[in-house]
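Heads up, the thing below is written out as structure tokens.
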Amino acid sequence: MRRRSLVPIVVVALGLAACNGGEEVDLGDAADDEALDDVEDAPDDDPEDDPDADPDEAAEGGTLRAAIGGDPDQLNPHTTTSSFAFTVLENVYDTLVEPGDDLTMEPALAESWEVSDDLLTWTFELRDGVSFHDGSELTADDVVASYEFIAAEGDNAFRLDPVESFEAVDDATVEISLERPAPNLLEQLGAFKGMAIAPAEAIDAGTLDDEPVGTGPFSFVSFTPGDSVEIERYDDYWGGTAAIDGVHFQVIPDPGVKLTNLETGEVDWIDSVPPEQVETLQDLDDVEVGQVAGNDYHYLALNHEVEPFDQVEVRQAIAYALDIATITEAAQFEAATPNETAIPETSFWYFDHERFGTDPDQAQQLLDEAGVEEGEITIDLMVTNEFPETVTAAEVISSQLGEVGIGVDIRTEDFSTWLADQGDGDFDGFVLSWIGNIDPDDFYYAQHHSEGINNFQGFADDEVDQLLDDAREETDEDTRKDLYDQAAERIVDQASYIYFYNSDIIEAWAPNVSGYETRPDQATRFRGVSLED
Amino acid sequence: MSDQEQQPTDAPEPRGAGLEQPEIEHRPRWRETLSVLMSNRLAAVGLVVLVVMVVTAILGHRLAPYALDAQDLTRRFDPPSADHWFGTDDLGQDVFSRVVIGARSSLLVAGVSVGISMVVGTLLGLLAGYRGGWMDSTLMRTMDVLFAFPVVLLAIALVAVFGPSLRNTMLAIAVVFTPIFARVVRGSVLSVREQLYVRAVRSLGAGDLRIVLRHVLPNVAAPVLVQTSLSLAFAILTEAALSYVGVGVQPPTPAWGSMLSDAQRYMAQGWWLSVFPGLAIFVTVMSFNLLGDGLRDALDPQQRSIIEARGAGAKDGDA
């Protein structure tokens, strides 16, 4: 039943930055094809860059033309929630640590770190010679200012929840004191660019919304809302200068149009490919497809505060009646892996657990036990055409539940209405997905703890609460995994969510793009990319 | 259609026989209209196609070779074949069955919504045109406000507010179409109101209600009828547009518009997914338009004599 369809990814030896900070030798210096040269026209507002860039002006690397599926609402990493913003910001900002190829945390702005014996004090040594795009040096004050801002406001404050205080010991040392042990602190600080380090001055001045200033391989040039974002190579990047001159992000919302643009050579890279197109694309010579098993998970949530879904037997009956392999194939073609739990097989935290399978007879029996008559239940199932796979899944669910006498009224809404109804609890059930993260706490706490901020289904279970609370503070990795396994087992058994599958991440690019790799955490890193003819 | 039924009731008219002359003409007129209409070949084709569509819509599930929820992922994107005349879709469902069952949604929505807007619009138009004064201003300015919005936009807004469902789709389209009828009727009433025969009945002491029902309404019936058939065409399109943007008829119930919108995703996998629902919309809308054009010609006395003359000439020519 479990199926894996990992298509060979175009793995290229990632030019992961020669650390000597010297001029990166560029491959394919003639690759200036139709590069959008606006980059060069950008006013050079930081004279301090110039000494290093001197006369020979780092040979032409060309501009990568990337298509993104939507408009970033704004480009402040601390306050934006747009995934499109992060596609851009991934290349502009750095975090203290960052996920490596196996998603474990590796040094980034912090060169090394130590943890005290009581696990409550973390000391980070900052990398030497890191400069912001405005030319100023990175100091511990910038790190403290960034974290204090994040902790005070923004959607990412919860990541710093266990922190008592941040302190700049000296210019290159940051000390973080915790109220309680946080074994996942590194993941919280580095798993995504919402925890980016920005200059203290810009944070105080509140100018980051309009003028992003980071330490990343590319610096911000311009943002035309609804149209494009322009970034250019930062020559003093601590990790070695990028090979390309810059990236021009073009907003193209329609997936079909985006793909056509790639095929006709209007763009070099696109941020997603509809799963139904993957098979066709693999036969084409002029498109490379990057597909990896992702961390995102798709699920059905039933409203535990509405009869008869408050009865665990009814929820379990629905889980038994559903055939998640069929739902997966219908909604995602070959580009997903069915999974009865949230965390994907590729993760250390994966819990191999098949609780329900497909068993309509068992479903019928449970419905009888719960005293539900045939035809008595009709689920008001909320989906959104913002994510068409939810509508497809709903059609299959409707057909499958029909077999055990459960009716389904599908309600398709635009996403803002959908979100409002979700918040108001105005649904019997809904289908959606979460963008998966690296640490298991991100998979479970907000969704299934009775106090969780995203527990819209109203699940409340003392056992799960206890397990999730304990696991948060457990520092022994194996014990911690065991706690999460128990929590997952209980969550699945009680059908807090009925999990369907982990979807693959699919990106595509032109054959002349080399050095790019599709990553399971969806980080779109262009620093190792070069363009060839 | 209801107008046609109304007119025969005019016949048993006990009083003021001398004044009823216009109505004596009425009875034969609708038959005459029909025969003129049928002599217009395009309109006749339109009418026949629509009858077929309506029968399809009524029989729906019984005509469809496959059940609505017959999904089969092993048969996704099968091209048209003897088993599946119009091929299969992304869930392996039979497209022919879905087009047939979808006729019901499309025609039901069009019929009910235009029916409502016709009745309400006609009443408002009669009231505004006959009463005049502040009543006229208030009603028609309100209609103008509704009229100012693009049809589809207003319908989408209404459905978004009240929630997507078959009923709300019908109501939304009805609201959007009401001003059209109100305007058409009011315009006709304004001219009929001042006709000599109306003034004559009034001077004989006839009440407003009687004047409106017996003398004004029958005389505005023709434009309403034409407007109805044209509106039905637009209503089909509006329903398709609403379903296309996902706020119309809800899955799994098929509707032509939503089938078309789903098909857009799978353009590369199967042309048949978009062609057949699109064809169904095209043929139906075209038929309503042909019928509407035919009706307009048939109900217009001047046009009618031309058509009759031409028809006669054509017959002579054929002979």
(1) of a type in the set (Ser, Thr, Tyr); (2) open to solvent by less than 10 Å² (accessible area, probe 1.4 Å); (3) over 23 Å from the mean Cα position of the chain (by Cα) all hold for A:THR479 apart from (2)
Per the filter on the range B:66-100, residues away from every other protein chain (no Cβ under 14 Å) and more than 14 Å from B:PRO254 (Cβ to Cβ) are B:ASP78, B:PRO79, B:PRO80, B:SER81, B:ALA82, B:ASP83, B:HIS84, B:TRP85, B:GLY87
For B:THR169, the lone unmet condition from (1) open to solvent by less than 30 Å² (accessible area, probe 1.4 Å); (2) within 30 Å of B:LEU209 (Cα to Cα); (3) in contact with a helix residue (DSSP H, G or I) (Cβ under 6 Å, 6 or more places away or on another chain) is (2)
If we take the range A:154-224, then strands (runs of 3 or more DSSP E) inside it with 3 or more residues that are open to solvent by 50 Å² or more (accessible area, probe 1.4 Å) are A:163-170
Checking A:LEU381, A:LEU401 in turn, the sole residue that is over 19 Å from the mean Cα position of the chain (by Cα), assigned by TED's automatic domain parsing to the domain that holds A:PHE456, in a helix (DSSP H, G or I) and over 26 Å from A:THR518 (Cα atoms) turns out to be A:LEU401
Filter result for A:THR123 (of a type in the set (S, T, N, Q) and more than 22 Å from A:GLU179 (Cβ to Cβ))
no
Going through (1) of a type outside the set (Gly, Ala, Ser); (2) part of a loop (DSSP other than H, G, I, E, B); (3) within 18 Å of A:ALA495 (Cα to Cα) one by one, A:THR346 fails only at (3)
Filtering the range A:443-471 down to residues that are buried (at least 23 other Cβ atoms within 10 Å of the Cβ) and more than 21 Å from A:VAL312 (Cα to Cα) yields A:PHE443, A:ALA471
Of A:ALA317, A:ALA325, the only residue that is within 14 Å of chain B (Cβ to nearest Cβ), over 21 Å from A:ALA508 (Cβ atoms) and either surrounded by fewer than 20 Cβ atoms within 10 Å (Cβ to Cβ) or in contact with a Leu (Cβ under 6 Å, 6 or more places away or on another chain) (or both) is A:ALA325
When every residue in the range B:242-282 that is small (Gly, Ala, Ser) and within 11 Å of another protein chain (Cβ to nearest Cβ) is compared, the one nearest to A:VAL278 (Cα to Cα) is B:ALA268
Exercise for review: Return yes or no: is B:ALA148 open to solvent by 60 Å² or more (accessible area, probe 1.4 Å) and hydrophobic (A, V, I, L, M, F, W, C)?
Suggested key: yes
Could you go through the range A:407-430 and let me know if any residue there is under 24 Å from B:ASP90 (Cβ atoms), open to solvent by less than 20 Å² (accessible area, probe 1.4 Å) and touching a residue at least 40 places away in the same chain (Cβ under 8 Å). yes
Apart from one, (1) in contact (Cβ under 8 Å) with a residue 24 or more places away in the chain; (2) part of a helix (DSSP H, G or I); (3) within 14 Å of another protein chain (Cβ to nearest Cβ) all hold for B:ASN219; the odd one out is (3)
The one condition A:VAL464 fails out of (1) in contact with a strand residue (DSSP E or B) (Cβ under 6 Å, 6 or more places away or on another chain); (2) over 24 Å from A:ALA85 (Cβ atoms); (3) assigned to a helix (DSSP H, G or I) is (1)
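The values are calculated or read from the model by the stated rules, or taken from the named source; none is laboratory data. Bear in mind that the values here come from a model prediction, so they are computed numbers and not experimental data. Reconstructed Cβ throughout: ideal geometry from the backbone, glycine too, with neighbour counts over all protein chains shown. Just the protein is used for accessible areas: all its heavy atoms, side chains included, with ligands, DNA and RNA removed. Shrake-Rupley method; radii C 1.70, N 1.55, O 1.52, S 1.80 Å.
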